[in-house]
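Novice: Let me begin by handing over the structure; questions about it come next.
Values in this text are rule-based calculations from the coordinates and carry no lab data. As the structure is a prediction and not an experimental result, all values here were calculated from the model. Cβ coordinates were reconstructed from backbone atoms using ideal geometry, including for glycine residues, and neighbour counts include every protein chain displayed.
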Amino acid sequence: MSSEILTFGGLVLEILPRNGGSIFSFMTSDGCEIFRSGQNHAAEPTELASFPLVPFSNRIRGGKFVSAGKNISLPSDAECSPHAIHGHGWKTSWQIESRSTNKLHLSFEHQPDEWPWSYKADQFFRLEEGRFVHTLRITNTSAEVMPVGLGLHPYFAHRDRAYIQTGVHSAYETDDDHLPIARNEDHPAIGCFKAGKIVAEGLHAVFSRWSGTASISWPDRNLRVEMEADPLFGHLCVYAPRGQSYFCVEPVSHATDAFNLYEKGWIGTGCMDLQPQSVLEGCVSYTVLRTN
């Protein structure tokens with residue numbers, strides 16, 4: 001499976017347009033991993049370095065929700081059956097719109113199926129001096145209002161050596177399927193994030209009212225990444241599975257199962273409706289600093 005490699009400003013980014021528009025690797029020009037690198041180009045996006053979340057992030061309970069009085073039923077995903085997860089972008093082939101040494105523009109168009117709205121999605125990858133800027137855009141090309149969410153799913157390398165400092169307000173307590181059942185403003189990770197402690201193994205939570213900035217550092221590698229996201233990404237998912245060396249710090253626009261939470265009257269979940277022919281766009285940047 002062919003890849004596109006961008007190089008600029010001391011950084012190297014390899015992207016797989018035909019495999020979910022995913023990132024295969026993101027590292028410094030001297031080979032220091034920032035995102036966890038994929039092992040082969042044909043791997044599932046969950047085994048690569050990052051993938052896009054569009055037109056929603058994380059799980060929808062049972063793949064079912066109601067929009068404008070219409071019952072929507074989506075196919076379940078094998079990894080989290082019976083729930084739907086992460087939308088369409090990571091499962092489809094993206095087209096190359098334009099390319100240069102340090103920039104790449106990808107897109108795909110969705111035609112109505114179980115998701116009964118048409119839309120166009122775009123990704124813009126740009127390398128600057130010591131900085132990677134990733135923009136995700138969705139355009140509602142249907143004639144009806146469409147519920148929508150966006151996010152990015154980067155896998156960072158070397159969890160056991162990484163520290164994260166960021167600000168969040170509360171966490172969503174979840175059931176065994178990682179679906180929200182309550183809010184918790186006293187979740188222990190909130191204080192750990194504020195103090196800049198090591199990423200805890202086994203953490204899997206979505207946090208609300210994210211500050212939009214996070215500092216991720218590996219002191220023994222003399223490396224730090226400053227993540228900054230547009231206000232659209234008001235939630236943060238942190239996932240550090242047991243027995244794995246990677247961890248995920250995912251800027252997302254809404255809570256898990258936000259469409260159903262909205263119907264139940266929950267507020268502040270990031271649930272949004274996009275008017276016909278309207279555009280929703282968000283940018284996340286990663287500034288890479290060597291600290292020695």
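Novice: Can you tell me which of 72, 15, 138 moves the most in a GNM of the chain? Springs connect C-alpha atoms under 10 Å apart.
Specialist: With Cα springs under 10 Å in the chain, the top fluctuation among 72, 15, 138 is at 72.
Novice: For region 197-287, just the Cα atoms, rotate onto the principal axes and tell me the three extents in Å, largest first.
Specialist: Principal-axis extents of the Cα atoms in region 197-287, largest first: 49, 27, 19 Å.
Novice: Cβ under 13 Å from residue 44's Cβ, residue 44 left aside: what net charge do those residues give with Lys, Arg +1 and Asp, Glu -1?
Specialist: Numbers: positive: 91; negative: 47, 77, 79.
Net local charge, residue 44 excluded: -2.
Novice: A follow-up question, please. Between 255, 182, 121, which gets the highest mean-square fluctuation from a Gaussian network model of the chain, Cα cutoff 10 Å?
Specialist: Residue with maximal mean-square fluctuation among 255, 182, 121: 182.
Novice: Kirkwood Rh, Cα Rg: Rg to Rh for region 134-292?
Specialist: Details: Rg = 16.3 Å, Rh = 16.4 Å.
Rounded to two decimals, Rg/Rh equals 0.99.
Novice: In the chain, with Lys and Arg counted as +1 and Asp and Glu as -1 at Cβ, which of these residues, 218, 283, 39, has the Cα nearest the positive end of the dipole, that is, farthest along it?
Specialist: 218
Novice: How big is the chain on each of its three principal axes, counting only the C-alpha atoms and giving the largest first in Å?
Specialist: 57, 46, 31
Novice: Quick one: net charge around residue 129, please, counting Lys, Arg +1 and Asp, Glu -1 for every other residue with C-beta under 15 Å from its C-beta. Display every interim value, and only then the final one.
Specialist: On the way: positive: 103, 126, 131, 290; negative: 128, 226.
Taking every Cβ under 15 Å from that of residue 129, the sum is +2.
Novice: Calculate the radius of gyration of the Cα atoms of region 1-157 to one decimal place, then report Dmax, the largest Cα-Cα distance, as a whole number, both in Å.
Specialist: 16.3, 54
Novice: For the chain, set up a GNM with springs between Cα atoms under 10 Å and report which of 56, 26, 65 has the largest fluctuation.
Specialist: 65
Novice: Apply the Karplus parameterisation 6.51 cos²θ - 1.76 cosθ + 1.60, with θ equal to phi minus 60°, to every residue of region 124-141 and state each ³J(HN,Hα) to the nearest whole Hz, in sequence, with x for glycine and proline.
Specialist: With coefficients 6.51, -1.76 and 1.60, one gets 10, 10, 9, 9, 10, 5, x, 8, 10, 10, 10, 10, 10, 9, 9, 10, 7, 9 Hz.
Novice: Roughly how many whole Å is it from the C-alpha centroid of region 228-292 to that of region 118-148?
Specialist: Region 228-292 and region 118-148 have Cα centres separated by 14 Å.
Novice: Further question on the same structure: In a shell of Cβ-Cβ distance under 15 Å around residue 279, excluding residue 279 itself, what net charge do Lys and Arg (+1) and Asp and Glu (-1) give?
Specialist: -3
Novice: Want the number for residue 29 to residue 263: 0.36 nm per residue separation, take away the alpha-carbon distance, what's left? Mind showing how you got there, number by number?
Specialist: Values: separation 234, 0.36 × 234 = 84.24 nm, distance 4.77 nm.
Full extension from residue 29 to residue 263 adds 79.5 nm.
Novice: State, as an integer percentage, the relative contact order of region 4-290 based on alpha-carbon contacts under 8 Å between residues 6 or more apart.
Specialist: Values: 781 pairs, mean separation 52.8, N = 287.
Across region 4-290, relative contact order equals 18 percent.
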